[in-house]
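The values are calculated or read from the model by the stated rules, or taken from the named source; none is laboratory data. The model shown is predicted, which means the values in this text are computed figures rather than measured ones. Cβ sites come from the backbone with ideal geometry, for glycine too, and all protein chains shown count toward neighbours. With ligands, DNA and RNA removed, areas are computed over all heavy atoms of the protein, side chains included. Shrake-Rupley method; radii C 1.70, N 1.55, O 1.52, S 1.80 Å.
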Amino acid sequence: MSSDVSWRAMIAPYLKPDTRLALFQLATTLVPFIAVMGLMLVALDHGYWAGMLLFPIGGVLLLRLFMFQHDCGHGSFFSRRWANDAVGLLLGVLTLTPYTAWRASHAVHHAHTGNLDRRGVGDITTLTIAEYQALPRWRRLQYRLYRHPAVLFGLGPVWLFLISNRIPTGNPRRRWRDWLSVLGTNAALAAMLVTLIVTLGPIAVLCGWLPVTLLAATIGVWLFYIQHQFEDAYWESRPQWDFQTAALAGASFYDLPRVLHWMTGNIGFHHIHHLSSRIPNYRLRACHEANPAFQQAPRLTFRASLKCARLALWDTERRKLVPFGSQAG
């Protein structure tokens, strides 16, 4: 595409939220989620361990609710800001995500994706080969451990959703909204868990709620990883960095079966989402299919995406993400 005008014209028909469609998505996900969680927790409370068979369904529905919260944070799920914020705050308790604080850091991620000079906020930490080689040995080991799949997709979701999201950071005077968001979410989450424990007992909550939460968190972390961590991704320093190129070359089109796109709230059309975060999840597919130019984005199938878990360093000469074995030292 030759100019901002061309891509802006292509996305324009898909920018307007549809309140009825958003409410339909919310109702057909939130109500089943509550029903599945209720059945599972009651079954576990009565010693029926077959209730655990419901936990994958609960995890998928919770993941989908997170995607709706994600849209709310971008102001794209509903047409009214108050509706986006109200639903986003509610879903943030279920997804263990402080809505206002997350919205601010995620906006930074969108503004600087692929910019080598603005890494560190809302990103998977990524070093260049030169940066890695300049580290002392213990820092190299630290980075290797961080990038290991068992840490990124095993310990990572636990750390992010159960621990990191519970701790406010920054100056409480200057970032009081973030502090209020974290502490308010913590209080609401604590009230919910205490109510469940008092009503159903700790075993039901531990064996029901926790696996559902961790499954959704693990899939969510994988999706976030694969959206930007692939071999032919885009990283550039200023002044060469370009927003449009970062969106269409630095965010993947995760080409999944339709049912998986449904489960993941169409976030696989991530290149379009980064081009314009104001497009609701329920319009991303239509925008992609109507515009051949968007179909040239980096495409990943599920099978091909599994190989990306090995990638760890940005090779500035070859302009590729490479595994550790591709660099000396």
Listing of helices (runs of 4 or more DSSP H) fully contained in segment 1-94 that carry 1 or more residues being of a type in the set (D, E, K, R) and closer than 26 Å to Leu214 by Cα: 19-45, 55-73, 81-94
Within segment 258-298, tally of residues that are at pLDDT below 95, open to solvent by 60 Å² or more (accessible area, probe 1.4 Å) and either outside any helix (DSSP H, G or I) or polar (S, T, N, Q) (or both): 2
So Leu89, is it open to solvent by 10 Å² or more (accessible area, probe 1.4 Å), modelled with pLDDT of 95 or more and more than 29 Å from Ala233 (Cα to Cα): yes
Residue tally, condition part of a helix (DSSP H, G or I) and within 15 Å of the chain's Cα centre (by Cα), over segment 101-133: 10
Boolean, Tyr225 is open to solvent by less than 30 Å² (accessible area, probe 1.4 Å), under 22 Å from Arg103 (Cβ atoms) and either in contact with a strand residue (DSSP E or B) (Cβ under 6 Å, 6 or more places away or on another chain) or at pLDDT 95 or above (or both): yes
So Ala22, is it open to solvent by 20 Å² or more (accessible area, probe 1.4 Å) and of a type in the set (A, V, I, L, M): no
Candidates Leu61, Leu54 - the one that is under 22 Å from the mean Cα position of the chain (by Cα) and hydrophobic (A, V, I, L, M, F, W, C): Leu61
Contacts under 6 angstrom Cβ, first residue in segment 6-31 being farther than 14 Å from Val87 by Cα, partner among the acidic types (Asp, Glu) and surrounded by 14 or more Cβ atoms within 10 Å (Cβ to Cβ), 6 or more apart: none
From the options Arg103, Arg137, Arg64, residue that is more than 30 Å from Val205 (Cα to Cα) and of a type in the set (D, E, K, R): Arg137
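Okay, residues lined up against (1) without any contact (Cβ under 8 Å) to a residue 12 or more places away in the chain; (2) among the hydroxyl-bearing types (Ser, Thr, Tyr); (3) in contact with a helix residue (DSSP H, G or I) (Cβ under 8 Å, 6 or more places away or on another chain); (4) open to solvent by 50 Å² or more (accessible area, probe 1.4 Å):
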| position | (1), (2), (3), (4) |
| --- | --- |
| Leu180 | no, no, yes, yes |
| Gly201 | no, no, yes, no |
| Thr213 | no, yes, yes, no |
| Tyr234 | no, yes, yes, no |
| Leu248 | no, no, yes, no |
Of residues in segment 299-317 being assigned to a helix (DSSP H, G or I) and charged (D, E, K, R), the one surrounded by the most Cβ atoms within 10 Å (Cβ to Cβ): Arg310
